[in-house]
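Below is one structure, written out as structure tokens, with a few remarks after it.
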Amino acid sequence: MNKFLLAPSIIAADFSRIAEETAAVESAGADWIHVDVMDGHFVPTITVGPLFVESLRRVCKLPLDVHLMISEPEKHIESFAKAGADNITVHAETCPDLPRIIEKIKTLGCAAGVTLNPATPVSAIDSALPLVDLVLVMSVVPGFSGQKFMPETIGKAEEIRATLNALRSSARLEVDGGINAETLPLMQRAGADVFVAGNAVFKHPQGSGAGARALKDIALS
Ligand code: DX5
Ligand code: ZN
């Protein structure tokens, strides 16, 4: 299994050039494309839905890592799976029955992920940890890209990594929010192996490819 993966978040990309943007990060070594789905209800912003994922699937070969920041995700996972999502990650705050929705995501043929806001305790995902393929630790309050990394989430990543190890889980530990050249190593040491980056990649002064390359080189150093 590839040790460290980079998942640029398209929320910070130029949607009018999405094919070029994703091609640039792919050729620079990006491993996944992180798709931030926001409904304007669970989080204040509205972004994209299954129709966008369907179009992105046609122009991008990388695995699509769909992060659902939406209320009642159970109503929508099938349409994201059909649209071509490879991973579907749901927020513990939106799922009263995590094991059930995780099994449903797997039945649809996608890798199942769980995520939690910085203020949500790890205990909220205890029931999911033995079942998931992926845990996404939010290092910002979800809803916007370009926010400042919250260092208090480092301990949470360490705690989840320790629990996954104790469970002998092969689940990946992904971190999301404010990841850049300075914060990536902090979370790498905490046990993360997948790094989401929006602004650090797609708003890089030398372009998206340079942004992706710079982070990928750090992750592998
Ligand atoms: C925040 C999203 C993150 C964020 C990443 O709600 O889940 O994926 O947009 O963007 P940066 O890396 O700029 O914080
Ligand atoms: Zn995200």
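Quick note: the coordinates plus some simple rules give every number you see, no bench work behind them. Values in this document were obtained by computation on a predicted structure and should not be read as measured data. We place every Cβ from the backbone using ideal geometry, glycine too, and count neighbours over all the protein chains shown.
Here are a few things to note about the model shown:
- With q set to 0.14, 0.19, 0.20 Å⁻¹, the log10 of I(q)/I(0) for the stretch 120-171, from the Debye formula over equal scatterers at the Cα positions, is -0.39, -0.68, -0.73.
- Kirkwood Rh and Cα Rg combined as Rg over Rh, evaluated for the stretch 97-221: 0.98
- Residue exposure sequence - V59, V114 - by fewest surrounding Cβ within 10 Å: V59, V114
- Ascending count of other beta-carbon atoms within 10 Å, so fewest first, for F149, F52: F52, F149
- Taken along its principal axes, the alpha carbon cloud of the chain reaches lengths of 43, 37, 33 Å, longest axis first.
- FRET efficiency for K3 and D86, using Cβ-Cβ distance with R0 set to 22 Å, rounded to 0.05: 0.70
- Extension gain for N165-E20 works out to 48.4 nm (0.36 nm per residue, less the C-alpha to C-alpha distance).
- Magnitude of the charge dipole, the chain, Cβ model with Lys/Arg +1 and Asp/Glu -1, debye to 20: 360 debye
- Cα centre as origin, Lys/Arg/Asp/Glu Cβ charges: the stretch 1-124 dipole, Debye: 260 debye
- Per-residue [θ]222 nm for the chain (sum of -39500 (n - 2.57) over DSSP H runs n ≥ 4, rounded to 500): -9500 deg cm²/dmol
- Counting every other Cβ atom within 10 Å of each residue's Cβ, F144, F202, F15 order from fewest to most as F15, F144, F202.
- Where both bridge residues fall in the stretch 1-159, DSSP classifies roughly 5% of the beta bridges as antiparallel.
- If you count Lys pairs in the stretch 103-221 whose Cα atoms are under 27 Å apart, skipping same-chain pairs closer than 8 places in sequence, the total is 7.
- Note on R100 and K148: their simple-model spin labels are 4.1 nm apart, each label 7 Å out from Cα toward Cβ.
- Cα-only radius of gyration and Dmax that characterise the stretch 1-90, units Å: 12.7, 36
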